Amino acid sequence: MYTREQASKLRQAFWTAFGQYMSPVLSAEGMPTNWINYKTGLKNVYFRMQADKKLASIAIEMTQPDPEIQQMFFEQFGAMKELLHDTVGEEWTWDLHTTDENGKGISRIYTELKGVSVFRQDDWPALISFFKPRIIALDAFWNDAKYSFDELR
């Protein structure tokens, strides 16, 4: 078991390594991108990558405080579902009105990789291989899909 400080340092080391690995990769628009803190340009809509001791996940998260507005965003993503799945090359899980680890109401579109741990450096190549193509694909998807959200801004 790791102390809280050791766990934090290992997590930070992984995300630093991932960020360095991804830094030469340009966005779909040919621009340098902060892949770890990806900016969608929409308030309360995030692309999140998470890794813990049991699994890794990548998600589109909608965190609007009003459940009806959150549902409108979720439904707009639903209208783009085929494009999303074609772009990422797989089907993702869709959860309308679930909760995050802090009990906050969110909606998520995500996929997971089980059986990996950010605390095992031997798993880091698998984590990077999981995250890299999916965040790049999300960026390519978003490059095409973001304009359909203009009315919801």
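The values are calculated or read from the model by the stated rules, or taken from the named source; none is laboratory data. Just so it is clear, the structure is predicted and the values come from calculations on it, not from any experiment. Backbone-built Cβ (ideal geometry, glycine too); neighbour counts: all protein chains shown.
Within region 65-78, can one find any residue that is over 19 Å from Phe14 (Cβ atoms), free of Cβ contacts under 8 Å to residues at least 40 places away in the same chain, aromatic (Phe, Trp, Tyr) and assigned to a loop (DSSP other than H, G, I, E, B)? No: zero hits.
Of the residues making up region 113-140, just one is in a strand (DSSP E or B) and either out of contact with any Leu (no Cβ under 8 Å at 6 or more places or on another chain) or crowded, with 16+ Cβ neighbours inside 10 Å (or both), namely Leu113. His97 falls short on exactly one of the conditions (1) in contact (Cβ under 8 Å) with a residue 24 or more places away in the chain; (2) surrounded by 13 or more Cβ atoms within 10 Å (Cβ to Cβ); (3) assigned to a loop (DSSP other than H, G, I, E, B), and that condition is (3). For first residues located in region 23-41 and free of Cβ contacts under 8 Å to residues at least 24 places away in the same chain and under 25 Å from Asp150 (Cβ atoms), partners that are of a type outside the set (Asp, Glu) and surrounded by fewer than 11 Cβ atoms within 10 Å (Cβ to Cβ) and lie 6+ apart or on another chain with Cβ distances below 8 Å form the pairs Leu26/Pro32.
Being modelled with pLDDT of 95 or more, under 16 Å from the mean Cα position of the chain (by Cα) and surrounded by fewer than 17 Cβ atoms within 10 Å (Cβ to Cβ) is the requirement here; does Lys54 meet it? In short, no. Using the structure shown, decide if Thr87 is within 16 Å of the chain's Cα centre (by Cα), of a type outside the set (D, E, K, R) and farther than 30 Å from Ala7 by Cα. Spelling it out, Thr87 is indeed within 16 Å of the chain's Cα centre (by Cα), of a type outside the set (D, E, K, R) and farther than 30 Å from Ala7 by Cα. Filtering region 57-100 to residues that are in contact with a strand residue (DSSP E or B) (Cβ under 7 Å, 6 or more places away or on another chain), modelled with pLDDT of 95 or more, of a type in the set (Asp, Glu) and within 22 Å of Trp35 (Cα to Cα) leaves Glu61, Glu90. Kindly indicate the residue of region 5-47 that is among the hydroxyl-bearing types (Ser, Thr, Tyr) and in a loop (DSSP other than H, G, I, E, B) and also surrounded by the fewest Cβ atoms within 10 Å (Cβ to Cβ) among those meeting that condition. If we take residues in region 5-47 being among the hydroxyl-bearing types (Ser, Thr, Tyr) and in a loop (DSSP other than H, G, I, E, B), then Ser23 is surrounded by the fewest Cβ atoms within 10 Å (Cβ to Cβ). Kindly evaluate Arg108 against the criterion of being within 15 Å of the chain's Cα centre (by Cα), crowded, with 16+ Cβ neighbours inside 10 Å, part of a helix (DSSP H, G or I) and not aromatic (Phe, Trp, Tyr). When the stated conditions are applied, Arg108 does not pass them.
Within the bounds of region 66-85, is there any residue that is closer than 30 Å to Ala17 by Cβ and not polar (S, T, N, Q)? For region 66-85, residues closer than 30 Å to Ala17 by Cβ and not polar (S, T, N, Q): present.
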